[in-house]
Every structure is written in C-alpha cells, then in structure tokens.
Amino acid sequence: MTDYRRLRVALLGAGAVGSQVASLLRQHADELADRAGARLELVGIAVRDVDAKRDADLPRELFTTDADSLIVGSDIVIELMGGIEPAREYLLHAINSGADIVTANKALLATHGPEIFDAADQVGAEVYYEAAAAGAIPIIRPLRDSLAGDRVQRIMGIVNGTTNYILDRMDTEGADFADVLADAQRLGYAEADPTADVEGYDAAQKAAILASLAFHTTVPLDAVHREGITSIDKSMMDAARHAGYVIKLLAVCERLTEASGESISVRVYPALIDRAHPLASVHGANNAVFVQAEAAGNLMFYGAGAGGVQTASAVLGDVVSAARRHIAGGVGVGESTLANLPIVPVGRVTTSYQITLEVDDQPGVLATVAGILSEGRVSIATLEQTVVGSGDGESGVARLVIGTHKALEQDLSETVDRLAASGVVERVVSVLRVEGN
C-alpha cells in the first residue's frame with residue numbers, strides 16, 4: 001500500500017448527507033487516497049447530540065459536541081450542519097485555523113458568501129461548495145472554471161426538487177397542490193414546514209450563488225426577485241397544457257444589454273416552458289440547469305438535486321479537490337466578482353406572458369381589453385375565449401387566455417392593474433411569464 005501523506009478531515013453535522021459522507025470516507029478510504037494523493041483521515045464529527053440516531057453505522061468515538069476543538073488542527077473542514085449560525089462562526093474559525101472548507105450550505109453562502117470568501121482569500125485557503133446549488137449535479141465547477149473564458153448569457157434552472165415534484169404531478173396527473181404537497185412530505189421530499197421550498201426561498205438562495213459565479217458579480221440575496229408556487233392550481237395547469245406549455249419553478253439568471261450598458265437580472269418564479277424545451281422533460285424531484293453561453297452555446301446539467309448519498313457525491317468530489325490542492329501547495333483560487341455588474345429589478349425584464357382573465361361575456365369587452373393592452377404597450381400574440389358560467393347580472397362570464405409578445409415587466413404589471421380596474425374584468429385569474437423562447 002502506498003505510504004500517502006495524511007490529511008485530517010473534520011466533519012460538522014451528521015444528518016442525511018453528513019452520515020453518508022462519513023460512511024463513504026471510511027468505506028472507500030483506499031480509493032480516495034489513490035485519487036487524492038493523500039490519505040483522508042476522518043478525525044471527528046461534531047454534532048449536537050452524540051447519541052442521536054444516524055443514517056449510517058458510525059463509531060460512537062468519532063462524535064463530539066466540541067466543534068471548535070475538532071476544527072483546530074484539521075486540514076479540511078466539511079460543514080453539513082446547515083443554517084447560518086453557528087455554521088458561519090465555525091467556517092470562519094476553520095479558515096483562520098488554516099483549513100480549506102467544503103460546504104453544502106446554500107443559505108449561508110447566499111447571505112454571507114462575500115465574508116466567507118474574503119476570509120479565505122486573506123489566508124490563501126479555498127472554499128468548495130459544489131453541493132450548495134444543485135445537489136449531485138456538477139454545476140459550480142463548470143461555471144467557475146470551464147466557462148471562465150466564455151460569456152454566460154443566461155441560466156435557467158430547476159433547482160428545487162420539492163417544487164418540481166409537486167408541479168410535475170399536478171401536470172401529469174391533474175392532482176391538486178395540497179394533495180401532492182402532503183405526498184411530498186410523506187415521502188420526505190418536503191419538510192413539515194415547506195415554506196422554504198414552495199415559496200421559492202431555497203431556489204432564490206441557489207440563484208444568487210449561480211448568478212454570482214456566472215456573471216462574476218456579487219449577488220446579494222435581497223436582489224433576487226422571488227415568487228413561489230402556492231397560487232398554481234389545476235385550471236392554470238390545464239391552460240398551460242392546452243397552450244403547449246408546462247409550468248416549472250425556474251431560477252433565471254440573465255445578462256441584459258441596455259442603452260446604459262450591461263446589467264443582470266436574477267429572479268425565481270413559476271413560469272411557462274414550451275414542452276419541446278429540454279427543461280420541460282425534467283420530472284419528479286430531479287433538478288436541471290440550462291446554461292446559454294456565447295461561445296459554448298447551450299449546455300444542460302441534469303440529475304438528482306437532493307438525497308443523502310447523491311449530495312455526498314458532490315461533497316466528496318470537493319474533498320478530493322481540496323486534498324489535491326494541499327498536496328500541490330500554493331494559495332487557494334479566490335472567487336471572481338470583479339465584473340461588478342449592476343443588478344436590475346424585475347420590472348426591467350422583458351419576456352412574454354400568458355394572462356388569464358374572467359370578463360363579462362358581452363359585446364365590446366374584447367375591444368376594451370385589447371385597447372387597454374395596446375395602451376400599455378403589450379401586444380397580443382394569441383387569444384382564446386371560453387364561456388365559464390353566469391355572472392351576477394344578465395350576462396355570462398367568459399375566460400380569456402391571452403398570450404403576449406415580449407413586453408417589459410413594468411409595462412405588463414401596470415397594464416394588468418388597469419385591466420383589473422376596468423369594470424369589464426371580473427377577475428385576473430393568473431399572469432405567468434413565458435421563459436425559454
């Protein structure tokens with residue numbers, strides 16, 4: 001057996017992912033040593049309760065509640081505990097102690113990424129976070145390294161498995177949101193409190209990370225426009241299907257060219273995707289990231305977005321990279337954020353829309369609606385009308401599904417407000433953006 005140099009590895013957290021990482025580090029120790037050029041010695045696992053039940057059979061003597069002592073003297077610190085504190089404090093402690101860090105903590109990087117990266121730059125350490133954006137899917141390295149010489153124009157990502165599972169079943173089975181959410185919770189795809197997933201917070205954190213890498217610009221989390229999927233219902237799914245679309249919760253990161261120069265938009269919302277688009281075929285709890293680059297063209301990264309052993313794969317890839325850097329020596333590679341492009345609000349984005357209205361079924365209504373849209377600089381591409389029931393008066397109620405040409409979000413929003421107040425519109429049923437066209 002080759003006499004490799006030993007590197008001390010500390011693990012913070014032993015949940016679904018952490019337990020798998022620890023198990024794989026021990027189970028494949030010889031193979032990992034050959035790949036890394038160093039023997040990766042798991043010296044301890046910091047947890048809140050050493051006697052808690054784990055997803056893997058690990059020696060009790062590995063566990064400790066003293067994270068600070070475990071960090072000191074470690075070469076690589078893996079943080080899989082989640083949350084902001086004390087994870088932030090522990091990672092800064094690890095960096096200042098001379099360790100490289102590996103983390104899957106999207107919430108921490110989206111809110112305190114610059115602080116973590118700056119601390120690593122100061123001491124020549126490196127931060128690895130492949131598992132923070134799309135689980136097992138390798139997307140961080142391609143954006144940070146492989147496409148560093150290209151100009152990424154746009155990213156559209158399905159980066160939350162819970163919401164994709166819900167929307168996919170609503171689309172394919174005609175199921176109701178509440179029923180599918182309950183199934184997702186029962187299967188472990190959704191937490192007891194699903195807010196982070198269904199309201200788009202999780203996807204927004206990942207969008208901030210992906211946009212920062214793609215556009216070499218620090219993207220604060222509060223600059224990401226966020227909408228969830230709780231308003232999506234069966235009628236919206238049916239209208240989307242009829243028009244040849246599927247509804248997905250998308251993280252969209254886009255480079256914009258305006259008269260004032262280049263800027264970027266980062267947003268998360270449910271959107272319509274043409275069924276011929278590659279993202280439309282992403283089913284179940286899977287994730288996918290579709291990248292459009294100036295020279296490389298269209299690229300798509302697809303796979304499991306969550307799961308203990310799947311995410312552990314991405315974590316261990318980072319651990320091997322960190323070990324190789326230790327053996328080779330030299331300072332860590334810092335993050336590139338020098339482009340410093342301005343981040344514009346969602347109102348400055350141009351896209352197409354599907355507007356669904358319930359209106360009085362009487363002469364002149366279509367002309368009124370068309371006139372309001374025209375005045376708002378919103379052009380009609382398609383229009384379909386169906387009678388859906390009786391109104392409060394003598395006239396019935398018709399449903400209009402209007403597809404628009406590309407329009408400025410701000411113009412569209414103001415136009416929809418005018419439609420709602422027009423007197424002929426009973427209800428604005430939904431407004432969905434069309435992406436990928």
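The values are calculated or read from the model by the stated rules, or taken from the named source; none is laboratory data. Note that the coordinates shown come from a computational prediction; the quantities given were computed from them, not determined experimentally. Cβ coordinates were reconstructed from backbone atoms using ideal geometry, including for glycine residues, and neighbour counts include every protein chain displayed. Just the protein is used for accessible areas: all its heavy atoms, side chains included, with ligands, DNA and RNA removed. Shrake-Rupley method; radii C 1.70, N 1.55, O 1.52, S 1.80 Å.
Note down all Cβ pairs under 9 Å where the first residue falls in the range 398-418 and is more than 20 Å from Leu366 (Cβ to Cβ) and touching a residue at least 40 places away in the same chain (Cβ under 8 Å), the second is buried (at least 17 other Cβ atoms within 10 Å of the Cβ) and not β-branched (Val, Ile, Thr), and they're at least six residues apart or on different chains.
Between residues of the range 398-418 that are more than 20 Å from Leu366 (Cβ to Cβ) and touching a residue at least 40 places away in the same chain (Cβ under 8 Å) and residues that are buried (at least 17 other Cβ atoms within 10 Å of the Cβ) and not β-branched (Val, Ile, Thr), the close pairs are Lys406/Ser352; Lys406/Tyr353; Glu409/Tyr353; Glu409/Arg433.
What number of residues within the range 65-96 satisfy the criterion of being among the hydroxyl-bearing types (Ser, Thr, Tyr) and in contact with a helix residue (DSSP H, G or I) (Cβ under 6 Å, 6 or more places away or on another chain)?
1
Tell me, please, whether a residue that is assigned to a helix (DSSP H, G or I) and farther than 26 Å from Gly347 by Cβ can be found in the range 186-196. First the steps, then the outcome.
In the first step, residues of the range 186-196 are kept if they are assigned to a helix (DSSP H, G or I); the result is 186-187, 195-196.
Now restrict to residues that are farther than 26 Å from Gly347 by Cβ: 186-187.
Yes, there is a match, as at least one residue in the range 186-196 is assigned to a helix (DSSP H, G or I) and farther than 26 Å from Gly347 by Cβ.
When only residues in the range 220-231 that are open to solvent by 10 Å² or more (accessible area, probe 1.4 Å) and of a type in the set (A, V, I, L, M, F, W, C) count, which is farthest from Tyr353 (Cα to Cα)?
The qualifying residue farthest from Tyr353 (Cα to Cα) is Leu221.
Condition test on Asn286, is it open to solvent by 20 Å² or more (accessible area, probe 1.4 Å) and under 14 Å from Met156 (Cβ atoms)? It would help to see each step written out before you state the result.
On the way: open to solvent by 20 Å² or more (accessible area, probe 1.4 Å): yes; under 14 Å from Met156 (Cβ atoms): no.
Against the criterion (open to solvent by 20 Å² or more (accessible area, probe 1.4 Å) and under 14 Å from Met156 (Cβ atoms)), Asn286 does not qualify.
Here is a yes/no grid of residues against (1) at pLDDT 95 or above; (2) assigned to a strand (DSSP E or B); (3) among the hydrophobic types (A, V, I, L, M, F, W, C); (4) touching a Lys or Arg at 6+ places or on another chain (Cβ under 7 Å):
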position	(1), (2), (3), (4)
Val77	yes, yes, yes, no
Gly82	no, no, no, no
Leu108	yes, no, yes, yes
Asp121	no, no, no, no
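Being among the small types (Gly, Ala, Ser) and in contact with a helix residue (DSSP H, G or I) (Cβ under 6 Å, 6 or more places away or on another chain) is the filter; apply it to the range 24-64 and report the residue that is surrounded by the fewest Cβ atoms within 10 Å (Cβ to Cβ).
In this case the residue turns out to be Gly37.
Those residues that are free of Cβ contacts under 8 Å to residues at least 12 places away in the same chain and in a strand (DSSP E or B), I need them from the range 281-297; list them, please. If you could, list the steps in order and put the result at the bottom.
As a first pass, look at the range 281-297 and keep what is free of Cβ contacts under 8 Å to residues at least 12 places away in the same chain: 281, 297.
Gly297 - this is the single residue of the range 281-297 that is free of Cβ contacts under 8 Å to residues at least 12 places away in the same chain and in a strand (DSSP E or B).
One line per residue, one yes/no per condition, for (1) touching a residue at least 60 places away in the same chain (Cβ under 8 Å); (2) in a helix (DSSP H, G or I); (3) open to solvent by 20 Å² or more (accessible area, probe 1.4 Å):
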{"residue": "Ala276", "(1), (2), (3)": "no, no, yes"}
{"residue": "Leu279", "(1), (2), (3)": "yes, yes, no"}
{"residue": "Gln310", "(1), (2), (3)": "yes, yes, yes"}
{"residue": "His326", "(1), (2), (3)": "yes, yes, yes"}
{"residue": "Ala339", "(1), (2), (3)": "yes, no, yes"}
{"residue": "Gln354", "(1), (2), (3)": "yes, no, no"}
{"residue": "Val369", "(1), (2), (3)": "no, yes, no"}
{"residue": "Ile372", "(1), (2), (3)": "no, yes, yes"}
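Given the condition under 23 Å from Val127 (Cβ atoms), part of a loop (DSSP other than H, G, I, E, B), in contact with a Gly (Cβ under 8 Å, 6 or more places away or on another chain) and without any contact (Cβ under 8 Å) to a residue 60 or more places away in the chain, answer yes or no: does some residue in the range 37-55 qualify?
yes
Please go through the range 186-210 and give me each residue that is under 19 Å from Asp233 (Cα atoms) and exposed (fewer than 15 other Cβ atoms within 10 Å of the Cβ), ordered by number.
Thr195 - this is the single residue of the range 186-210 that is under 19 Å from Asp233 (Cα atoms) and exposed (fewer than 15 other Cβ atoms within 10 Å of the Cβ).
Out of all the residues in the range 174-185, which are open to solvent by 30 Å² or more (accessible area, probe 1.4 Å) and either in contact (Cβ under 8 Å) with a residue 24 or more places away in the chain or among the aromatic types (Phe, Trp, Tyr) (or both)?
Asp176, Phe177
So if I check each of Val102, Val21, which one is of a type in the set (Val, Ile, Thr), touching a Phe, Trp or Tyr at 6+ places or on another chain (Cβ under 8 Å), surrounded by 24 or more Cβ atoms within 10 Å (Cβ to Cβ) and not in a loop (DSSP other than H, G, I, E, B)?
Answer to the selection: Val102.
I'd like to verify a number: residues in the range 232-274 that are under 26 Å from Ala133 (Cβ atoms), of a type in the set (Ser, Thr, Tyr) and open to solvent by 60 Å² or more (accessible area, probe 1.4 Å), how many?
Qualifying residue count for the region: 1.
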